[in-house]
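Working notes, structure below.
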Amino acid sequence: MERKKIDALPERRQEQLLAFDRLLTIMDELRELCPWDKKQTIDSLRHLTIEETYELSDAILEGDMTEIKKEIGDIMLHLVFYSKIASETNTFDVADVIHSLCEKLINRHPHIYGDVKVENEEQVKQNWEALKIKEGNKSVLSGVPSSLPALVKAMRIQEKARGAGFDWEEKHQVWEKVEEEMQEFKAEFNVNDNAAIDTEKAEAEFGDLLFSLVNYARFININVETALERTNKKFIKRFQHIESKAKETGKTLQDMTLAEMDVYWEEAKRL
């Protein structure tokens, strides 16, 4: 962008561009001068990026805006880092990344940048998936990363199938499917039956049950990953309260009865 165009921008936008330029400058300096940064490759950064992404997720769940800002910065650093490494082999640089993203956003929003008309969010999603197929994707589901955690993957698979028009019509139909899968699972794993369990079949039925529950959650606008993680955090806090109380009484958890632990569990719930 020409200097005269930058000067014509609102003051805050100018500040944003200057901040990004400062980051690029620091990245150049670190790559040239810092022994650790000089050594990094795209492969070596991968696991660190995954870790930073989960840290951002934790901050979002906690609603900690200060931490969210910090973790966004960490991820942004990684994105700039990848682009810098690629620029050193003339593969691409950060400008190529951003321009490519801008072109994709423009192409994927013909209802904003073209003459396509949409009535609602669902039509936007359907157009998005149809455009991805036109761009060369072999399947609507090919955009779901194979390395995603299974729960998140189930949610994304269902969302993408819905975007292509493959979905239940009514909420009660989805719940009926949940009940059907529950009955099939019970048939394989009856808690009142002491007979040997076919673990492989029970696992398959349990997977079907989980998938149907994820589907129902999606239908009533519940993010299953967020819901389960909040429950995880809640359990951890309550369990750690029991541990704290046990320590105060000079006991270990192994010394306590379930009834004693339950008292502190209920206390934690009240707190």
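Observations on the structure shown:
- Filtering S142, S83, S146 for residues that are in a helix (DSSP H, G or I), loosely packed, with under 14 Cβ neighbours inside 10 Å and among the polar types (S, T, N, Q) leaves a single hit, S142.
- Helices (runs of 4 or more DSSP H) contained in the range 1-77 and holding at least 3 residues modelled with pLDDT under 90: 3-7
- Condition check for A95: within 21 Å of I222 (Cα to Cα), in a helix (DSSP H, G or I) and either in contact with a Leu (Cβ under 8 Å, 6 or more places away or on another chain) or modelled with pLDDT of 95 or more (or both): no
- Just one of the listed residues (E260, E248, E267) is over 27 Å from Q183 (Cα atoms), of a type in the set (D, E) and surrounded by fewer than 10 Cβ atoms within 10 Å (Cβ to Cβ), and it is E248.
- Selection from the range 101-139 of residues that are in contact with a helix residue (DSSP H, G or I) (Cβ under 9 Å, 6 or more places away or on another chain) and loosely packed, with under 11 Cβ neighbours inside 10 Å: G114, K117, E135
- For L56, the stated conditions do not hold, so it cannot be described as over 24 Å from A19 (Cβ atoms) and either buried (at least 16 other Cβ atoms within 10 Å of the Cβ) or in contact (Cβ under 8 Å) with a residue 60 or more places away in the chain (or both).
- For the residues V80, V94, the requirement of being touching a residue at least 60 places away in the same chain (Cβ under 8 Å) and of a type outside the set (S, T, Y) singles out V94.
- When the range 153-173 is filtered for residues that are in a loop (DSSP other than H, G, I, E, B) and of a type outside the set (D, E), the ones remaining, listed by number, are A164, G165, F166, W168.
- Filter pass, A202 being loosely packed, with under 11 Cβ neighbours inside 10 Å and farther than 28 Å from L61 by Cβ: no
- Among the residues of the range 58-78, not a single one is more than 30 Å from T226 (Cα to Cα) and out of contact with any Cys (no Cβ under 9 Å at 6 or more places or on another chain).
- Options G136, G207; residue that is free of Cβ contacts under 8 Å to residues at least 60 places away in the same chain and on the phi > 0 side of the Ramachandran plot: G136
- Selection from the range 61-77 of residues that are crowded, with 16+ Cβ neighbours inside 10 Å and touching a residue at least 24 places away in the same chain (Cβ under 8 Å): L77
- Residue match in the range 181-195 (condition: farther than 30 Å from Y54 by Cα, surrounded by 14 or more Cβ atoms within 10 Å (Cβ to Cβ), modelled with pLDDT under 90 and basic (K, R)): yes
The values are calculated or read from the model by the stated rules, or taken from the named source; none is laboratory data. Owing to the predicted nature of the structure, the values given are computational and were not obtained by experimental measurement. Every residue, glycine as well, gets a Cβ built from its backbone with ideal geometry; the counts of neighbours run over all protein chains shown.
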